[in-house]
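The values are calculated or read from the model by the stated rules, or taken from the named source; none is laboratory data. Keep in mind that this is a model prediction, so the values were computed, not measured. Glycine gets a Cβ as well: all are built from the backbone with ideal geometry, and neighbour counts include every protein chain shown. Please note that ligands, DNA and RNA were not included when accessible areas were found on the heavy atoms of the full protein model with its side chains. Shrake-Rupley method; radii C 1.70, N 1.55, O 1.52, S 1.80 Å.
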Amino acid sequence: MIESTGHEEISLSSLSSSDYDKLQELVYFLIDEFKKNGVNISLPSLRIDAFALDVMSKVQDIKKSSLTFAPEAGSQRLRDVINKGLTEEVILKGAMDAFLAGWNKVKLYFMLGLPTETMEDIEGIATISNQIAREYYTIPKEERNGKVQITASTSFFVPKPFTPFQWSRMVTREEYLEKQRFLNGKMKEQLNYKSIRYNWHDAEVTILEGIFARGDRKISKSIYDAYQKGCIYDAWSEYFKYDTWMEVFKENGVDIPFYTSREREADEIFPWDFIDIGVTKKFLRKEYDRAVEETVTPNCKMSCSGCGAATFQGGICFEAHTGNNNINC
Ligand code: SF4
């Protein structure tokens, strides 16, 4: 593919790259194979450890590249709600290790509008951005690589089918903009605000994503009508016609809040319920309840929570019985 496309980067993306035990071998092989052709290798950097820093220093120009973290939520409480196993301590330690190795740019990705979110959680985004900048300035001046740059970005949470949040309401465009303004204000209050840049994603595209993500057959006609009215290449902002979409939804009687900002009843039958993905609806509801109670569900490598995926007889559930883990599904 590299030969035929001329692409300049191979990016390994995964939800949980550390579950793949040949990762180091693969990455070092790719570096040896492609570095001479100027092809960059990029890794999902959920965990910044010695290996990740070694790889990054081999494939990136430390002075130009930035370190990426996706804490998703600004507070530990909310990270527990979304079962995100990344603690503040890990983020700060990873950032510090990278600073000591010469990096001075950090990118942080967050979501606004997560279920149960409070203003304190949002403020947490500004606080952690500031804390990372503060860590940098604990390094003696002569050992620093110039000024630190923290770029925090927020996108808008979209509840998806087959997830514990398939019952959740999505915040409205107005609520989202209010959260964004609040966070922007909090960013400016931070001591190191000059080192922090805050970027946000447009709410309009996200509203559409919210409708389509949990839409049913009733919205098909709107999609066709929008296409007839010239809505193509919507992912390119210069072609995106928000007003046309709103117009066709109106013409077809699509009630937007019904699909987006409505909390579903526990026993609601969803349009996607007839698809069997292995994971049961009962399990997802249990996870939803645990999320609201801020209880973290352990990783499958630690223990099986009986989600139902074992019916497919593959993957992590069965590696457990042949490998060294003690999972008993
Ligand atoms: S080990 Fe398998 S069955 Fe158990 S929770 Fe994980 S994916 Fe589900």
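Here are the numbers for the structure shown:
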item: Any pair with Cβ under 9 angstrom, 6 or more apart, that starts in the stretch 242-263 at a residue that is closer than 20 Å to residue 288 by Cβ and ends at one that is of a type in the set (A, V, I, L, M, F, W, C) and open to solvent by 70 Å² or more (accessible area, probe 1.4 Å); result: 259/212
item: Count - residues of the stretch 145-163 that are of a type in the set (Lys, Arg) and touching a residue at least 60 places away in the same chain (Cβ under 8 Å); result: 0
item: Residue identified as of a type in the set (Lys, Arg), in contact with a helix residue (DSSP H, G or I) (Cβ under 9 Å, 6 or more places away or on another chain), without any contact (Cβ under 8 Å) to a residue 60 or more places away in the chain and surrounded by 15 or more Cβ atoms within 10 Å (Cβ to Cβ) among 173, 197; result: 173
item: Residue check, residue 248 over 21 Å from residue 158 (Cα atoms), of a type in the set (A, V, I, L, M) and more than 16 Å from the ligand (Cβ to nearest atom); result: yes
item: Scan of the stretch 148-163 for residues that are farther than 14 Å from residue 213 by Cα and not in a loop (DSSP other than H, G, I, E, B), ordered by number; result: 149, 150, 151, 152, 153, 154, 155
item: Scope the stretch 282-328; condition among the small types (Gly, Ala, Ser) and either at pLDDT 75 or above or within 8 Å of the ligand (Cβ to nearest atom) (or both); matching residues; result: 291, 303, 305, 306, 308, 309, 310, 314, 315, 320
item: Count of residues meeting criterion [touching a Ser or Thr at 6+ places or on another chain (Cβ under 9 Å), within 22 Å of residue 273 (Cα to Cα) and among the aliphatic types (A, V, I, L, M)] in the stretch 214-255; result: 1
